[in-house]
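The values are calculated or read from the model by the stated rules, or taken from the named source; none is laboratory data. In this text the structure is predicted, and so the values were computed from the model without any measurement. Note: ideal-geometry Cβ built from the backbone for every residue, glycine included; neighbour counts use all protein chains shown.
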Amino acid sequence: MNQQQDMIEGAPLIKPSTTDHPLYETIVEACRTVYDPEIPVNIFDLGLIYTIDISAENDIEIIMTLTAPGCPVAGEMPGWVQDAVEPVAGVKSVAVGMTFDPPWGMDMMSDEARLELGFM
């Protein structure tokens, strides 16, 4: 998104995922195999995967974040996600980008993650 699009009132902070694509659920499951090494919950349920964008040609673009910008695995985690998603049948290519806007918050966790971490 460019700055002009960011300023449009009502525009989502996070680009929507391609949830209606046949590969979406399989890619989500692949993302769920990646764990934050400091928290015993997968990164999808933690809310670290912001967008899974799937093109008509099955090129996958994933936008993710970290629980904190200083996370010790900041340089490694996008590669872990790419390595998890690339083998999914039907995937042509995978690009993983990192963002800190909007910053991650505990409200982004799934109910399963909150339960696992004792927040429910």
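Data for the structure
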item	result
Residue among 56, 11, 89 that is of a type in the set (Gly, Ala, Ser), in contact with a helix residue (DSSP H, G or I) (Cβ under 8 Å, 6 or more places away or on another chain) and modelled with pLDDT of 90 or more	89
Only one of 26, 67, 18 that is out of contact with any strand residue (DSSP E or B) (no Cβ under 8 Å at 6 or more places or on another chain), of a type in the set (Ser, Thr, Tyr), surrounded by 13 or more Cβ atoms within 10 Å (Cβ to Cβ) and at pLDDT 90 or above	26
Test result for residue 70, without any contact (Cβ under 8 Å) to a residue 24 or more places away in the chain and out of contact with any helix residue (DSSP H, G or I) (no Cβ under 7 Å at 6 or more places or on another chain)	yes
Where a residue in segment 29-47 is more than 15 Å from residue 64 (Cα to Cα) and without any contact (Cβ under 8 Å) to a residue 40 or more places away in the chain and its partner, wherever it lies, is surrounded by 16 or more Cβ atoms within 10 Å (Cβ to Cβ) and hydroxyl-bearing (Ser, Thr, Tyr), with Cβ under 8 Å and at least six apart	38/67
Candidates 59, 83, 111, filtered to the one that is surrounded by 12 or more Cβ atoms within 10 Å (Cβ to Cβ) and free of Cβ contacts under 8 Å to residues at least 12 places away in the same chain	83
